[in-house]
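S.K.: So that we are looking at the same thing, I have put the structure below in structure tokens.
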Amino acid sequence: MSSSYEAVIGLEIHAQLLTATKIFCGCPTAFGAPPNAHACPVCVGLPGALPVLNRSAVDLAVTAAVALGCEVQQRSVFARKNYFYPDLPKGYQISQYEQPLALGGGVTLPRVGQGSGAAGYDGGKFVRLTRIHMEEDAGKSLHEGFADSDRKTYLDYNRSGVPLIEIVSEPDMRSAAEAAVFFETLRQVLVWLGVNDGNMDEGSLRCDANVSVRRQGDTTLGTKTEVKNVNSFRYLEKAIQYEIGRHIDVIDHGGKIVQETRLFDAAQGKTYSMRSKEEAHDYRYFPDPDLPALVVDAERRRRIESSLPELPEARRRRLIAEYALPEYDAALLTQTRSLADYFEDTARQSGSAKAASNWVMGEVLRNMKERAIDVAAIPITPAALAGLIVIVEKGTISSTVAKDVFAKMYDTGRSAADIVAAEGLAQISDSSSLEPIVQKVIAAHSEIVAEIKQGKDRKFQFLVGQVMKETRGKGDPKIITDLMRRIIE
Ligand SMILES: [Zn+2]
């Protein structure tokens, strides 16, 4: 970005709430059913069908609001947002407008992790939220064919009426990296709370970005454009980066930004215009006469507040304080609640927090990533991993052998102790067994020994490595080093 400009970015995030049934009827919310298998008269807006608000949707929305530090409003109102689209057959979407569920709140961007180091990224920044409101999702249109003659559109109302919260941020972000990390941090909290499944591929979490630029030092906002429905962190960052560049280019060439809605084409890495402000809908909101005002009393709010789990940020701080972990470890271990639980169980049972952290950040995360699985699917329990850590800490096996043992534990489900005993993997640490091997290696490398004697000490490690090789990784490197020094000198 040209240094004389500043980007101003705000996000609007739609998150499906993890309820069993829809927001205004009893249809299931399960993803992947055959088209229109989960659609009743309320879902498709047949005349006379009446909505009834789902209590657990409200509880989940309030949970998110409280966790994000918002002020939950005692009284909020569902309104009709009027527009027609084939995937919205009743002609309006029920959404909260003038009186949303919650106001304020915010998210602190992490100092360590994804965004740190990126240009314009300010770790520790507090990004304010404007509001959180509840609404229903619309159905889905599936288009087929491009030529006019064979163009078809299919409609699936399974998604129609799935409960959503829309989280609207203030325009507090100043770079694409900040926006991506904000979205990622928000996703982490929602998944952590069990409010949303975080599945962006299936569209249960979606993001729109409002982007504008202004001259450095200006306090008024430039004209903004909105990039709709970006479904990955990387695409969000790319789309915003592209928009910032496009805005600056237009302004630098004396042009004017047109307020409009744009879509991101991931293959081209570009955004393109979807509709301009002139085509924007006038939604003619009014309170839905079929639904009473939503009242969340203080008692309900307190009950939800007291049932909140320890949140990611608090957990990171506690891991650092309680286990003396570096901030980097704490950030990685708190990606999800289940991973943090797995780490803490392992740390407690092994009595060695840093070793537990290294194993989880190393082999456990590597296997999760390579196999695309959750920590719950890792067949090595925290107790079993703790068993391996204890054996390594005692010096029974070397850390090189430990990695192989981990792999065998993974594949067979056997304990570390079993594998070490059955395969004779215990570390060789008695000098009498190691000395003949050290002698043999020294005899075979007399010219290197001569060089070491002349002061080329870095060749020393090579000889230790040769002994390790002879012992198939089982030799205790410390004892080998001591023996080697003594014999050479
Ligand atoms: Zn229904």
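The values are calculated or read from the model by the stated rules, or taken from the named source; none is laboratory data. Predicted model only: the values in this text are computed from it and were never measured. When we count neighbours, we look across all protein chains shown, and the Cβ atoms used for this are built from the backbone with ideal geometry, even at glycine. Heavy atoms of the whole protein, side chains included, go into the accessibility calculation; ligands, DNA and RNA do not. Shrake-Rupley method; radii C 1.70, N 1.55, O 1.52, S 1.80 Å.
S.K.: Kirkwood hydrodynamic radius, computed over distinct alpha-carbon pairs, for the range 205-277: how many Å, to one decimal?
M.R.: On the way: mean 1/r = 0.0796 Å⁻¹.
Answer for the range 205-277: a Kirkwood hydrodynamic radius of 12.6 Å.
S.K.: Given a 1.4 angstrom probe, I'd like the percentage of the accessible area of the chain that is carbon and sulfur, rounded to a whole number. Walk me through the intermediate numbers first.
M.R.: Details: 12180 of 23870 Å².
About 51 percent, which is the carbon plus sulfur part of the accessible surface.
S.K.: Using 0.36 nm per residue of separation minus the Cα-Cα distance, give me the extension gain between Arg414 and Ala372 in nm, one decimal.
M.R.: The span from Arg414 to Ala372 would gain 12.8 nm if fully extended.
S.K.: Give me the dipole magnitude in Debye, nearest 20, for the range 350-403 about the Cα centre, with unit charges on the beta carbon: positive for Lys and Arg, negative for Asp and Glu.
M.R.: Roughly 100 debye for the range 350-403.
S.K.: Taking only C-alpha pairs under 8 Å that are 6+ residues apart, what is the relative contact order of the range 83-186 in percent? Could the numbers behind the result be given before it?
M.R.: Working: 192 pairs, mean separation 32.4, N = 104.
About 31 percent, as a whole number.
S.K.: Moving on to the next point. List the relative contact order of the chain as a percent without decimals, with contacts defined as Cα pairs under 8 Å and 6+ residues apart. Spell out each step's value before the answer.
M.R.: Working: 870 pairs, mean separation 68.7, N = 489.
Answer for the chain is 14 percent.
S.K.: Over the range 59-110, average the accessible area per residue using a 1.4 Å probe and give it in Å², no decimals. Before the final figure, lay out each step's value.
M.R.: Working: 1940 Å² over 52 residues.
So the range 59-110 comes to 37 Å² accessible per residue, rounded to a whole number.
S.K.: Here's a follow-up. Please list Glu363, Glu144 in order of solvent-accessible area, largest first, computed with a 1.4 Å probe with all protein chains present. Please list the in-between numbers first.
M.R.: On the way: Glu363 25, Glu144 85 Å².
Heavy-atom accessible area, descending, gives Glu144, Glu363.
S.K.: Looking at the chain, which longest stretch skips every one of the chymotrypsin sites (Phe, Trp or Tyr not before Pro) that is in a DSSP loop with at most 11 other Cβ atoms within 10 Å, leaving the sites themselves out? Don't jump to the answer; show the numbers that get you there.
M.R.: Working: sites that count: Phe84, Phe146.
Maximal segment without exposed cleavage sites: 147-489.
S.K.: Using Cα centres only, tell me the gap between the range 390-436 and the range 251-313 in whole Å.
M.R.: Here the two parts' Cα centres lie 56 Å apart.
S.K.: Another question, if that's okay. Mind checking the dipole of the range 64-172: about its Cα centre, +1 per Lys or Arg Cβ, -1 per Asp or Glu Cβ, Debye to the nearest 20?
M.R.: Values: 12 positive and 14 negative charges, 43 e Å.
In debye, rounded to 20, the range 64-172 gives about 200.
S.K.: Additional query: Give the share of C-alpha pairs in each 20 angstrom bin for the chain, from 0 to the last occupied bin, in whole percents, shortest bins first.
M.R.: P(r) over the chain, rounded to whole percents: 19, 41, 26, 12, 2.
S.K.: Just want the answer: with Cβ charges of +1 for Lys and Arg and -1 for Asp and Glu, which residue in Ile244, Ser232, Leu291 is farthest toward the dipole's positive end in the range 210-291?
M.R.: Comparing the listed Cα positions along the dipole, Ile244 ranks first.
S.K.: How big is the range 88-193 along each principal axis, measuring the range of its Cα positions in Å and listing the largest first?
M.R.: The Cα atoms of the range 88-193 stretch 53, 36, 25 Å along their principal axes.
S.K.: Run the dipole for the chain about the Cα centre, Lys and Arg Cβ at +1, Asp and Glu Cβ at -1, nothing else charged, and hand back the magnitude in debye, nearest 20.
M.R.: Working: 59 positive and 64 negative charges, 126 e Å.
For this selection, approximately 600 debye.
S.K.: Okay, moving on. Would you mind getting the Kirkwood hydrodynamic radius of the range 349-469 from its Cα pairs, rounded to one decimal in Å? Could the numbers behind the result be given before it?
M.R.: Working: mean 1/r = 0.0602 Å⁻¹.
That comes to 16.6 Å for the range 349-469.
S.K.: Return the aspartates and glutamates within reach of Lys453: Cα separation strictly under 19 angstrom, same-chain partners fewer than 8 residues apart disregarded; answer none if there are no such residues.
M.R.: Asp482, Glu489
S.K.: Could you give the length gained on full extension between Gln268 and Arg472, defined as 0.36 nm per residue of separation minus the Cα-Cα distance, in nm?
M.R.: Working: separation 204, 0.36 × 204 = 73.44 nm, distance 5.16 nm.
My answer for the length gained is 68.3 nm.
S.K.: Then there is this: Given N residues in the range 9-149, what is Rg(Cα) / (2.2 N^0.38 Å)? Can you show the working numbers first?
M.R.: Values: Rg = 18.7 Å, N = 141, 2.2 N^0.38 = 14.4 Å.
So the Cα radius of gyration is 1.30 times the expected 2.2 N^0.38 Å.
S.K.: Over 24 Å between Cα atoms, which of Lys408/Lys469; Lys354/Lys469; Lys228/Lys256 qualify?
M.R.: Working: Lys408/Lys469 21 Å; Lys354/Lys469 28 Å; Lys228/Lys256 21 Å.
Correct reply: Lys354/Lys469.
S.K.: Just how many % of Cα pairs in the range 407-487 lie over 14 Å apart, if you round to the nearest whole percent? Spell out each step's value before the answer.
M.R.: Working: 2085 of 3240 pairs.
In whole percent, the long-distance tail amounts to 64.
S.K.: Sum -39500 (n - 2.57) across every DSSP H segment of at least 4 residues in the chain, then divide by the residue count to get the 222 nm mean residue ellipticity, nearest 500.
M.R.: Values: 16 runs with 186 residues, N = 489.
For the chain, the value works out to -11500 deg cm²/dmol.
S.K.: Once Rh for the range 316-406 is found with the Kirkwood sum over Cα pairs, what is the Stokes-Einstein diffusion coefficient at 37 °C and 0.692 mPa s, in µm²/s? Write out the running numbers ahead of the final one.
M.R.: Details: Rh = 13.1 Å.
Result for D is 250 µm²/s.
S.K.: When we measure straight from the Cα of Lys238, which aspartates and glutamates land under 16 angstrom away, once same-chain ones fewer than 8 places off are left out?
M.R.: The qualifying aspartates and glutamates are Glu178, Glu184, Asp208, Glu226, Asp265.
S.K.: Return the whole-Å distance between the Cα centroid of the range 58-89 and the Cα centroid of the range 130-176.
M.R.: 15
S.K.: For the chain, build the charge dipole from Cβ charges (+1 Lys, Arg; -1 Asp, Glu) around the Cα centre, then report which of Ser398, Trp192, Val211 sits farthest towards its positive end.
M.R.: The residue sitting farthest along the positive end of the dipole is Ser398.
S.K.: Please compute the Kirkwood hydrodynamic radius over the range 163-311, one decimal place, Å, based on all pairs of different Cα atoms. Can you show the working numbers first?
M.R.: On the way: mean 1/r = 0.0556 Å⁻¹.
Evaluated on the range 163-311, it is 18.0 Å.
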